[in-house]
Amino acid sequence: MNENLKQQFMNKILEKIKTCMECSLCEGRCKPVLGEGNLNSELVFIGEAPGRKEDEVGRPFVGSAGQLLDRLLFGIGLSRKAVYISNVVKCRPPDNRRPTIEEMEACTPFLEEQLEIIKPKIIVAMGNSAISFFSKKFGFKVIGMWRIHGKIFQVEAPWGKVILFATFHPAAALYNKDLEKILEDDFKKLSTLLKS
Ligand code: URA
């Protein structure tokens with residue numbers, strides 16, 4: 001599928017989300033955040049849900065967590081234009097709380113459609129919401145981010161073999177230099193994986 005066609009399919013998903021009322025997050029939504037980046041990328045990053053800034057502008061990771069994500073990408077020679085970035089949930093939860101299981105279940109069919117379009121080889125699950133969605137989807141057990149970060153899970157997606165890479169959410173490292181260092185180390189492992 002060429003990039004134009006992929007973009008058309010993505011636009012259709014966005015149109016559906018704009019009128020989606022499958023969960024109560026639609027009530028506070030300003031702009032839904034579908035995702036952005038290279039639709040031909042083999043590498044996809046999945047966060048949790050839009051925050052205030054993302055909800056204002058309709059783009060993923062444009063606030064302070066996004067700035068850290070940009071730095072982490074830059075550190076391994078990537079830019080956000082080279083990869084695709086999205087979230088488990090497309091509308092902002094009030095007060096930036098974690099999305100509930102019901103909200104995630106209502107919203108993740110959109111993410112599944114997106115992944116079917118991109119067909120990535122590597123998915124980076126950033127934080128607990130993302131890893132809990134993917135562990136349920138692919139049927140493996142998660143034993144806490146501290147035990148699994150920097151590790152890979154080989155899974156079978158409808159479009160072929162996929163490597164799932166788990167790491168912390170950048171927002172968790174914003175005021176924690178130790179965690180930022182751990183994220184940097186995880187991104188270095190990711191870079192090694194990309195080169196292998
Ligand atoms: N946090 C997320 O999980 N996603 C965003 O898009 C922004 C902050």
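The values are calculated or read from the model by the stated rules, or taken from the named source; none is laboratory data. Keep in mind that this is a model prediction, so the values were computed, not measured. All Cβ positions, even for glycine, are placed from backbone atoms using ideal geometry, and neighbour counts span all protein chains on display. Only protein heavy atoms, including side chains, enter the accessible area calculation; ligands, DNA and RNA are left aside. Shrake-Rupley method; radii C 1.70, N 1.55, O 1.52, S 1.80 Å.
Numbers for the structure displayed
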quantity: Diffusion constant of region 20-70 at 25 °C, which comes from Stokes-Einstein with the Kirkwood Cα-pair radius and 0.890 mPa s, µm²/s; calculated: 204
quantity: Solvent-accessible area per residue, Å², over region 48-132 with all protein chains present [probe radius 1.4 Å]; calculated: 42
quantity: Span per principal axis, largest first, for the Cα atoms of the chain (Å); calculated: 41, 39, 31
quantity: For the chain, built as a Gaussian network whose Cα springs stay under 10 Å, the top-fluctuating residue of Thr167, Thr108, Thr100; calculated: Thr100
quantity: Unsatisfied cross-links (Cα-Cα over 28 Å) in the set Lys119/Lys151; Lys90/Lys161; Lys6/Lys141; Lys31/Lys81; Lys121/Lys141; Lys31/Lys189; calculated: Lys6/Lys141; Lys31/Lys189
quantity: Most fluctuating residue given options Phe61, Phe74, Phe153, as computed from a GNM of the chain linking Cα atoms under 10 Å; calculated: Phe74
quantity: Test item: Cα-centred dipole of region 3-195, Lys/Arg +1 and Asp/Glu -1 on Cβ, debye; calculated: 400
quantity: Whole-Å distance, taken between Cα centres, linking region 21-77 and region 141-178; calculated: 17
quantity: With every protein chain in place, region 3-195: carbon and sulfur % of accessible area (1.4 Å); calculated: 53
quantity: Backbone HN-Hα couplings from phi across region 163-169 [Karplus 6.51/-1.76/1.60, Hz, Gly and Pro as x]; calculated: 9, 9, 10, 9, 8, 6, 6
quantity: Vicinal HN-Hα couplings computed from phi for region 75-91 (Karplus, 6.51 cos²θ - 1.76 cosθ + 1.60; Hz; Gly/Pro x); calculated: x, 10, x, 10, 10, 5, 6, 7, 10, 10, 10, 8, 9, 5, 10, 9, 10
quantity: Most positive-pole-ward Cα, Ser196, Cys91, Leu5, against dipole of the chain from beta carbon charges; calculated: Ser196
